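The structure under discussion appears below in the form of structure tokens.
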Amino acid sequence: METLSTPLVSLPIQANPEAPTVKNNNRNRLVLSLIDRCISLKQLKQVHAHMLRTGLFFDAYSASKLFTASTLSPFSSLEYARKVFDEIPEPNLYTWNILIRACSWSLEPGESVKIFLRMLFFHGLVVKSSFGDDVFILNSLIHFYASCGNLDFAYRVFARIGVKDVVSWNSMISGFVQGGCFDKALELFREMEAENVKPNAVTMVGVLSACTKMKDLEFGRWIRSYIEQNVIKMDLTLSNAMLDMYVKCGNVEDAKILFDKMEEKDIVSWTTMIDGYAKLGEYDVAKSFLDAVPRQETATWNALISAYNQNGKPQEALAIFRQLQLSKNANPR
């Protein structure tokens, strides 16, 4: 049975919640104490209704306390918590953060980003508070807008950053690449150089991706020299991006040289080489790479099968597929 020692619906209504009398303060404390004693959502809703009738809900601290219970208690309901939140006239930062955290734990964590942006813009926090100078937050906004395909908004945020760090530049370059604006990505990289901002491996992955999409081998080779001259560490991700650039530009010779120098290789590295040779019709070389893969996965086989199909060799594709079926190292999916 859902009962409390003090009935929730029999509390007297305050005639004037604005008057800070001792009696009213005692009543307020009693109501707020009931929030901590609720053991079900039904009881919490009773307290909520009482707070609305008396006006106590419109006190920032009281509303935050009720909202926290609706969000973080064992009987919490995100749907109900959102309704409570929407009734709060001016949510404070604590309340916003609680809602963002709750949404990040939900089945739709992307909602937390939307709420974060709502907090920033609808309340003018980016412009009116110290958030407006917080590069981390502004970089996050660039990434978010770019991921949503809104490059105009992403660039507006980028442009208003007074002192941009390397993440600012990387986020915008990657955004342009993802949005198909490859020329703008390379132009921004040149601006980055002019601003004397030192690029890192992430920067070069973005620039190489633009070169790959544009099939600009000459600029890709210049990037390789730039990386060496500026002693940028060629980690696995950057090495794979470089491999992909060479292969997509039809230069498997340079790709092979780089591949042989790589201290670390993963399935992406091997698949890129197999795909490169297969698409050039060098099936024997592609098959030799497939046979040499330390840990074969379906993706490596698919690269060769796909190349046979695209080049009008269905029988060869079927033969490779049958080998895949017989293989103990990989399963067709």
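The values are calculated or read from the model by the stated rules, or taken from the named source; none is laboratory data. Since we're looking at a predicted model, the values are computed, not measured. Every residue, glycine among them, receives a Cβ derived from its backbone with ideal geometry; neighbour counts consider all protein chains shown. Only protein heavy atoms, including side chains, enter the accessible area calculation; ligands, DNA and RNA are left aside. Shrake-Rupley method; radii C 1.70, N 1.55, O 1.52, S 1.80 Å.
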- [ ] Look through segment 257-296, keep the residues that are in a loop (DSSP other than H, G, I, E, B) and either open to solvent by 70 Å² or more (accessible area, probe 1.4 Å) or touching an Asp or Glu at 6+ places or on another chain (Cβ under 9 Å) (or both), and return whichever of them is modelled with the lowest pLDDT.
- [x] ARG295
Open item on the list: I'm trying to understand the selection: among the residues of segment 52-84, which are among the aliphatic types (A, V, I, L, M) and either open to solvent by 50 Å² or more (accessible area, probe 1.4 Å) or under 25 Å from SER106 (Cβ atoms) (or both)?
Closed with: LEU52, ALA60, ALA63, LEU66, ALA69, LEU72, LEU78, ALA81, VAL84
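For (1) assigned to a helix (DSSP H, G or I); (2) surrounded by fewer than 22 Cβ atoms within 10 Å (Cβ to Cβ); (3) among the charged types (D, E, K, R), each residue gets a yes or a no:
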site	(1), (2), (3)
MET204	yes, no, no
SER209	yes, yes, no
GLU218	yes, yes, yes
SER225	yes, yes, no
GLU228	yes, yes, yes
LYS233	no, yes, yes
MET242	yes, no, no
- [ ] Answer yes if at least one residue in segment 63-74 is assigned to a helix (DSSP H, G or I) and within 25 Å of the chain's Cα centre (by Cα), and no otherwise.
- [x] yes
Task: Cross-chain or 6+ apart pairs with Cβ under 9 Å, segment 25-45 first and under 13 Å from ALA69 (Cα atoms) and among the hydroxyl-bearing types (Ser, Thr, Tyr), then in a loop (DSSP other than H, G, I, E, B) and open to solvent by 10 Å² or more (accessible area, probe 1.4 Å) - done: SER33/THR6; SER40/GLU2; SER40/PHE75
TODO: Starting from segment 296-321, take each residue that is within 18 Å of LEU280 (Cα to Cα) and list its partners that are open to solvent by 70 Å² or more (accessible area, probe 1.4 Å) and assigned to a helix (DSSP H, G or I), counting only C-beta distances under 6 angstrom and pairs at least six apart or across chains.
DONE: ILE305/PHE321; ALA307/LYS279; TYR308/GLU316; ALA317/ASN309
TODO: Report yes if ALA299 is of a type in the set (Gly, Ala, Ser), open to solvent by less than 20 Å² (accessible area, probe 1.4 Å), more than 15 Å from GLY220 (Cβ to Cβ) and not in a loop (DSSP other than H, G, I, E, B), otherwise no.
DONE: no
- [ ] Report yes if some residue within segment 187-200 is farther than 24 Å from ASP134 by Cβ, open to solvent by 70 Å² or more (accessible area, probe 1.4 Å) and of a type in the set (Gly, Ala, Ser); otherwise report no.
- [x] yes
Open item on the list: For segment 102-112, which positions are more than 15 Å from the chain's Cα centre (by Cα) and part of a helix (DSSP H, G or I)?
Closed with: ALA102
